[in-house]
């Protein structure tokens, strides 16, 4: 036998002999993980009632970031979270002031030599129209295995699930397998205008090896998903004026310009009859979805009727040369999100010709589109299409949120995927998001790490709408995912050091 053949035979014999040992080790490891998860599971189940009570306490605080009168409530919610972090044994728990609302910061740093995981979520919520709610939005209640209330899904669920998971590990093991840092944002629902500056000032404090975004969702109750792309956002408000006062419609109607009509004409000019944006240059810098992204969409079990049922709509709109999910994830939009003019009280009737009318616009942007450039193009369009007798003034936002994509070829991605597979028992889908989460871009640009989304929200939970809710099943499942993720990451990173 030749020397080379001898070596090959020797290697083959080693593999054959070691295979049972490797299988035994793998089995032992799986049993160890199963036992560990069972221990955490017991703690989670034993403390479920207490945790639900805490959850309802936090939801009851109307931490609406975009309404100045609710600033004390935002501060109250931040203080509540700090007290909870201290109660579970977090090493450092405090609020850090910003130019706006405070950031809640928590840190457990008693695992020297181990990786550090940064967890992002936000504790502020959207405004409410109480008349549209079946139950008061800040008096949470549990109905049909769902907890109802503003912020229950978006994103106080993300705040509490991550805290409870860490609590389960600390109470069960007396320690964490890795170091953990929490940053809970108080301004996400108003675009996180203070977040980037907060990161710049505290980059050393927030240094981490991995990051997670708990303000995320899963595809369904039984199908996990990982977020691979976000659209950016740009906001504009404009007011049309046709007179210094409202006019009597009988005395002046037929010869006086109407601000509501002028506004309607401008809005109509923003779109083509096919539903595309008619603003010149709007699509110039849009890069088409890649072949991989289109293939990713084809793998998704998309059902148009399901989305329409959630919203109570009867049709899908938009450019049919692109699939619905491609339009939502990889095409830009210009949406009218609010209009106000004339007499709009719930009761009564005022025969007037409005002298003023206001509209708010949100644009969702993709790839290399610039928020400022897009807003400038819209302003030029409005100025060009002003009806006779109308003037316009503008109110601009403090900044713009850029679009973002996440790579799937990193170990950080793999750790998230592994955790989802472990708990759901199936491979996660790769999805995009038509919305924007500006802090994820800031975390990447300042700290140099991708914050992969690992939240338990679902699409039908009426986020930003009346009667928001969160499934109780997501609380338990989410805690197990985070417990497994932290332990799995620690184990895998330890192997790499050997």
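The values are calculated or read from the model by the stated rules, or taken from the named source; none is laboratory data. The shown structure was predicted, so the numbers you read here are calculated from the model rather than taken from an experiment. Note that we place each Cβ from the backbone using ideal geometry, even for glycine, and neighbour counts take in every protein chain shown.
Quick notes on this structure:
- In the range 218-229 there is at least one residue that is under 30 Å from residue 108 (Cβ atoms) and touching a helix residue (DSSP H, G or I) at 6+ places or on another chain (Cβ under 7 Å).
- Each residue in the range 59-94 was checked for being touching a helix residue (DSSP H, G or I) at 6+ places or on another chain (Cβ under 8 Å) and either within 19 Å of residue 137 (Cβ to Cβ) or part of a loop (DSSP other than H, G, I, E, B) (or both), and 12 of them qualify.
- Only listed residue being modelled with pLDDT of 95 or more and under 20 Å from residue 486 (Cα atoms), chosen from 107, 65: 107
- Of all residues in the range 281-311, those satisfying the criterion of being touching a helix residue (DSSP H, G or I) at 6+ places or on another chain (Cβ under 7 Å), within 29 Å of residue 377 (Cβ to Cβ) and not in a helix (DSSP H, G or I) are 281, 282, 289.
- Number of the condition not met by residue 284 [criteria: (1) touching a residue at least 12 places away in the same chain (Cβ under 8 Å); (2) closer than 28 Å to residue 230 by Cα]: (1)
- Residues of the range 448-467 that are in contact with a strand residue (DSSP E or B) (Cβ under 7 Å, 6 or more places away or on another chain) and more than 15 Å from residue 215 (Cα to Cα): 449, 467.
- Taken over the range 385-411, residues that are without any contact (Cβ under 8 Å) to a residue 60 or more places away in the chain and either surrounded by 18 or more Cβ atoms within 10 Å (Cβ to Cβ) or touching a helix residue (DSSP H, G or I) at 6+ places or on another chain (Cβ under 9 Å) (or both) amount to 1.
- Filtered residue count, the range 141-172, keeping only those that are touching a helix residue (DSSP H, G or I) at 6+ places or on another chain (Cβ under 6 Å) and assigned to a loop (DSSP other than H, G, I, E, B): 4
- One residue alone among 489, 454, 440 is out of contact with any helix residue (DSSP H, G or I) (no Cβ under 7 Å at 6 or more places or on another chain), touching a residue at least 60 places away in the same chain (Cβ under 8 Å) and crowded, with 23+ Cβ neighbours inside 10 Å, and that residue is 440.
- Taking (1) more than 27 Å from residue 325 (Cα to Cα); (2) not assigned by TED's automatic domain parsing to the domain that holds residue 492 in turn, residue 366 satisfies each apart from (1).
- The residue that is farthest from residue 115 (Cα to Cα), counting only those in the range 203-225 that are surrounded by 17 or more Cβ atoms within 10 Å (Cβ to Cβ) and out of contact with any strand residue (DSSP E or B) (no Cβ under 6 Å at 6 or more places or on another chain), is 224.
- Enumeration of residues in the range 108-130 that are free of Cβ contacts under 8 Å to residues at least 60 places away in the same chain and either touching a helix residue (DSSP H, G or I) at 6+ places or on another chain (Cβ under 8 Å) or not in a loop (DSSP other than H, G, I, E, B) (or both): 130
- Filtered residues of the range 97-107 (kept if assigned to a strand (DSSP E or B) and more than 18 Å from residue 164 (Cα to Cα)): 103
- Candidates in the range 263-281 are the residues that are touching a strand residue (DSSP E or B) at 6+ places or on another chain (Cβ under 8 Å) and closer than 19 Å to residue 373 by Cβ; of these, the one that is surrounded by the fewest Cβ atoms within 10 Å (Cβ to Cβ) is 278.
- Test for residue 193: is it surrounded by fewer than 24 Cβ atoms within 10 Å (Cβ to Cβ) and either in contact with a helix residue (DSSP H, G or I) (Cβ under 7 Å, 6 or more places away or on another chain) or outside the structural domain of residue 89 (by TED's automatic domain parsing) (or both): no
- Test set (1) assigned to a loop (DSSP other than H, G, I, E, B); (2) closer than 24 Å to residue 56 by Cα; (3) within 24 Å of the chain's Cα centre (by Cα) - residue 134 fails condition number: (3)
- Residue count for the range 400-449 satisfying the condition of being within 30 Å of residue 361 (Cβ to Cβ) and not in a helix (DSSP H, G or I): 14.
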